[in-house]
1. Of Gly171, Gly143, Gly184, which residue is over 19 Å from Asp96 (Cα atoms) and part of a loop (DSSP other than H, G, I, E, B)?
2. Evaluate the stretch 146-164: report whether one residue or more is of a type in the set (S, T, N, Q), closer than 27 Å to Phe53 by Cβ and modelled with pLDDT of 95 or more.
3. Given (1) touching a residue at least 12 places away in the same chain (Cβ under 8 Å); (2) within 28 Å of Tyr40 (Cα to Cα), where does Arg174 come up short, assuming only one miss?
4. What tally of residues in the stretch 95-111 results from selecting those that are over 11 Å from the mean Cα position of the chain (by Cα) and either within 16 Å of Ala38 (Cβ to Cβ) or among the hydrophobic types (A, V, I, L, M, F, W, C) (or both)?
5. Out of the residues in the stretch 60-113 meeting the condition of being part of a helix (DSSP H, G or I) and among the β-branched types (Val, Ile, Thr), tell me which one is farthest from Pro126 (Cα to Cα).
6. Take Ala117 and decide whether it is under 20 Å from the mean Cα position of the chain (by Cα) and either in contact (Cβ under 8 Å) with a residue 60 or more places away in the chain or farther than 14 Å from Tyr173 by Cβ (or both).
7. Checking Leu111 against (1) surrounded by fewer than 19 Cβ atoms within 10 Å (Cβ to Cβ); (2) farther than 19 Å from Gln79 by Cα: exactly one of these is not met. Which one?
Amino acid sequence: MRTNRHLSVILIALTLLAAAAAFAAGSEPKSPVDKATAAYNDGVQKMKRADEFGLKKSPTYGYDYAAVPDGKALREYEQAIASFARAVSLNPNLKDAYNNLGYCFRRVGRLPESLDAYDKAIALDPDFAQAREYRGETYLALGQPDKAEAELAVLQEMKSPYAGQLAQSIGMYRDREKQAAKAGGQ
């Protein structure tokens, strides 16, 4: 009888130790929401690293719709895309993940996918100002300034600080148009 009790105590202790080791190793079961959040956070870190590479190259990188990232930044954006895509596959209500997915798609030149991601973010929250600003910058990259200006009008109506950033991007677009017209006219 005493041997069975000792054996039971030992088995319980071993089970608890195994559970503690699994928890410490991070192999505890996670819910889809937890997994989506972890994937989103991973994507944010990769996106931030990519942006840091871009800002080292150009101080206007943040609002320059035509800025082309270097190889290191491109790799980080591609990895961020994978993380954000995983996040929205696990939780399709993550408007911030769709927004960041659109941003990363734009930075790597995948503009139709960028617009699709922004459309999903805005469908989840029509007042999502940052997604509207980014969508406006994607329209500029596509050579559709009228659509960018429509986004600017919405942001101005919302009194969003993102209106100023999109206005800068539109100004940069218009300056480039003028420079191209001058160069073509000479």
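1. Details: Gly171 fails: part of a loop (DSSP other than H, G, I, E, B); Gly184 fails: part of a loop (DSSP other than H, G, I, E, B).
Checking each option against the conditions leaves just Gly143.
2. The initial filter retains those residues of the stretch 146-164 that are of a type in the set (S, T, N, Q), namely 156, 160.
Narrowing further to those that are closer than 27 Å to Phe53 by Cβ: none.
No - not one qualifying residue is present in the stretch 146-164.
3. Here Arg174 clears every test but (2).
4. From the stretch 95-111, those over 11 Å from the mean Cα position of the chain (by Cα) are 108-111; that's our starting set.
Still in the list and also either within 16 Å of Ala38 (Cβ to Cβ) or among the hydrophobic types (A, V, I, L, M, F, W, C) (or both): 108, 111.
So the answer is 2.
5. Pass one, the stretch 60-113, residues part of a helix (DSSP H, G or I): 71-90, 95-107, 111-113.
Now narrow it down to the ones that are among the β-branched types (Val, Ile, Thr): 81, 88.
Numbers: Ile81: 23, Val88: 18 Å.
Applying the filter and picking the extreme gives Ile81.
6. For Ala117, the condition - under 20 Å from the mean Cα position of the chain (by Cα) and either in contact (Cβ under 8 Å) with a residue 60 or more places away in the chain or farther than 14 Å from Tyr173 by Cβ (or both) - is met.
7. Here Leu111 meets the rest and fails (2).
Let's see how each residue does on (1) surrounded by 14 or more Cβ atoms within 10 Å (Cβ to Cβ); (2) at pLDDT below 95:
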{"site": "Gly26", "(1), (2)": "no, yes"}
{"site": "Ala39", "(1), (2)": "yes, no"}
{"site": "Gly43", "(1), (2)": "yes, no"}
{"site": "Asp51", "(1), (2)": "yes, yes"}
{"site": "Lys56", "(1), (2)": "no, yes"}
{"site": "Ala66", "(1), (2)": "no, yes"}
{"site": "Pro69", "(1), (2)": "yes, yes"}
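The values are calculated or read from the model by the stated rules, or taken from the named source; none is laboratory data. Computed from a predicted model, the values in this text were never measured in an experiment. Using ideal geometry, Cβ is built from the backbone for each residue, glycine included, and neighbour counts are taken over all protein chains shown.
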